[in-house]
1. Once the Cα atoms of helix 75-86 and of the chain are each reduced to a long axis, what angle between those two axes, in degrees from 0 to 90 to the nearest 10, is obtained?
2. Taking θ as phi - 60°, what are the ³J(HN,Hα) couplings along the stretch 158-169 by the Karplus curve (6.51, -1.76, 1.60), each to the nearest whole Hz, with x for Gly and Pro?
3. Which ³J(HN,Hα) values in Hz, rounded to whole numbers, follow from the phi angles of the stretch 36-44 under the Karplus curve 6.51 cos²θ - 1.76 cosθ + 1.60, where θ = phi - 60° and Gly and Pro get x?
4. Tell me the Kirkwood hydrodynamic radius of the chain in angstroms, computed as one over the mean inverse distance between distinct C-alpha pairs.
5. Relative to the longest principal axis of the C-alpha atoms of the chain, give the angle of the C-alpha long axis of helix 101-113, reported between 0 and 90° and rounded to the nearest 10°.
6. How much of the DSSP bridge set in the chain is antiparallel, in percent, rounded to the nearest 5?
7. Checking the table LYS107/LYS147; LYS101/LYS142; LYS1/LYS147; LYS107/LYS142; LYS80/LYS150 against a 25 Å threshold on Cα-Cα, which pairs fail?
8. For the chain, modelled as a Gaussian network with Cα springs under 10 Å, which listed residue fluctuates most, ASP70, ASP154, ASP122?
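Taken together, the values in this text are just the output of simple stated rules run on the coordinates, not laboratory data. All figures in this text were calculated on a predicted structure; none of them were measured in a lab. Note: ideal-geometry Cβ built from the backbone for every residue, glycine included; neighbour counts use all protein chains shown.
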Amino acid sequence: KALRRNNAQPGDLIYVTGTLGDAGLALMLNRGNVVIPDEDRDVLNDRLNRPEPRIAEGLFLRALANSAIDVSDGLAADLKHILDAGHTGANIFIEDIPFSKALLEHKHWVAVHGDQATTGFDWRNIPLSSGDDYELCFTAPKEQQQKIQKWFYDASVRCTQIGVIEEQP
């Protein structure tokens, strides 16, 4: 059974695995658009250059999730692929998006030193618009919530509900 993009159902909960933002922050760092203390460069570059594949997670979700995609183009773009394929919409709770520790620790550097700081750039846009995190974004019926939470907890993998699929595109 394959996890596809086109089967999100109204009422499905929207989840993401892991945290988002490190790869985007690493790209900004490598382009010289942001200043990050040296001790965190390796961690960020590892997240960009050596993402952890979510194979076990995907295999588990085959029986529970209605749709899924990896976050390779940024959460907003990749979730839009699910929404377009299923002719649905979404209500996303931005405060629930799991930002990476590095992004949270260095958001002030992004705001102060980032190349877009003078144009009102919001650091929370990094996980929304930059990609290469390769975490999973998936939707599942609310009835599966406890099974999903237990499996991810037992596997010591972060999984966060960030929204709900809506009927209206």
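1. That works out to roughly 20 degrees.
2. With coefficients 6.51, -1.76 and 1.60, one gets 5, 9, 10, 6, 10, x, 9, 6, 10, 5, 6, x Hz.
3. 10, x, 3, 5, 9, 4, 4, 4, 5
4. Working: mean 1/r = 0.0612 Å⁻¹.
After inverting the mean inverse Cα-Cα distance, the result is 16.3 Å.
5. It works out to around 50 degrees.
6. Details: 17 of 18 bridges.
Given both bridge residues lie in the chain, the antiparallel proportion sits at roughly 95 percent.
7. Numbers: LYS107/LYS147 34 Å; LYS101/LYS142 28 Å; LYS1/LYS147 18 Å; LYS107/LYS142 33 Å; LYS80/LYS150 27 Å.
Over 25 Å Cα-Cα: LYS107/LYS147; LYS101/LYS142; LYS107/LYS142; LYS80/LYS150.
8. The residue that fluctuates most here is ASP154.
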